[in-house]
Structure formats: C-alpha cells, structure tokens
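The values are calculated or read from the model by the stated rules, or taken from the named source; none is laboratory data. Since the structure is predicted, the reported quantities are computational estimates derived from the model, not experimental observations. All Cβ positions, even for glycine, are placed from backbone atoms using ideal geometry, and neighbour counts span all protein chains on display. The protein model used for the area step is the full one, side chains on, heavy atoms only, and it has no ligands, DNA or RNA in it. Shrake-Rupley method; radii C 1.70, N 1.55, O 1.52, S 1.80 Å.
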Amino acid sequence: MNTDKIYAEQLANEYALKDTSKVIALRKLDAKAKLPATVFTYTFGIITALVAGVGMCLSMKVIGSGSTTMFVLGVIVGIIGLLVLPIPSALSLRW
C-alpha cells in the first residue's frame, strides 16, 4: 500500500502549480512580444518568394502564353520579387 501513496504523491506533484521564476516569466513575455514580428517576417518572405517564382516561370514560358509580352512581364515581376525578398530578413534583425 505504500507504493500507492508514493504514486499518488508523484501525480499530485506533477499536476500541482509550480513556482516560476521571474526569468522564465520574462522569457515567455519576450517570446510572446516577438511572435507577431516573426509571423509577419515569415509570411512576407513566403509571399515575395512566390512572386519571384511566378516571375521566373513567366520568363521561362512555363506559365502564360509564351509571348514576348509575357517574357518581359515575367522578368519585371521576377526582379521585383527578388528585390523585395531581403526586406523581411532586414526587418527581423531590427526586432
């Protein structure tokens, strides 16, 4: 019967409220404060990579009609996507 008591104490200790230090609370607060910036950075980076990919596909005539207009449009869209792509990493260094 002593093992039941030990087991019950282990379960109670596992689910009991634990005292958290101020350092742990500050780390959680810091992670919570940085979350919106991280989500924005990843979302913006993914969208700009997709724009650059669409531009490359247009210029290589993978998608579109294959005309010269689509080629020029693809080059322009690809360059815009590639120029905007480093912005999220630069912004994440500031936050």
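Scanning the range 32-81 for residues that are in contact with a Ser or Thr (Cβ under 6 Å, 6 or more places away or on another chain) and more than 30 Å from residue 92 (Cα to Cα) yields a total of 1.
Taking first residues from the range 34-60 that are more than 14 Å from residue 76 (Cα to Cα) and in contact (Cβ under 8 Å) with a residue 60 or more places away in the chain and partners that are open to solvent by 90 Å² or more (accessible area, probe 1.4 Å) and outside any helix (DSSP H, G or I), the Cβ contacts under 8 Å between residues at least 6 apart in sequence or on separate chains come to 34/95. Annotation: of all residues in the range 1-44 being open to solvent by less than 100 Å² (accessible area, probe 1.4 Å), of a type in the set (A, V, I, L, M, F, W, C) and under 30 Å from residue 85 (Cβ atoms), the one that is modelled with the lowest pLDDT is 37. For the range 73-95, a residue qualifies if it is open to solvent by 50 Å² or more (accessible area, probe 1.4 Å) and touching a residue at least 12 places away in the same chain (Cβ under 8 Å), and the qualifying residues are 73, 75, 76, 79, 80, 82, 85, 87, 89, 91, 92, 95.
The set of residues in the range 55-71 being open to solvent by 70 Å² or more (accessible area, probe 1.4 Å) and either under 22 Å from the mean Cα position of the chain (by Cα) or not polar (S, T, N, Q) (or both) consists of 56, 60, 61, 62, 63, 71.
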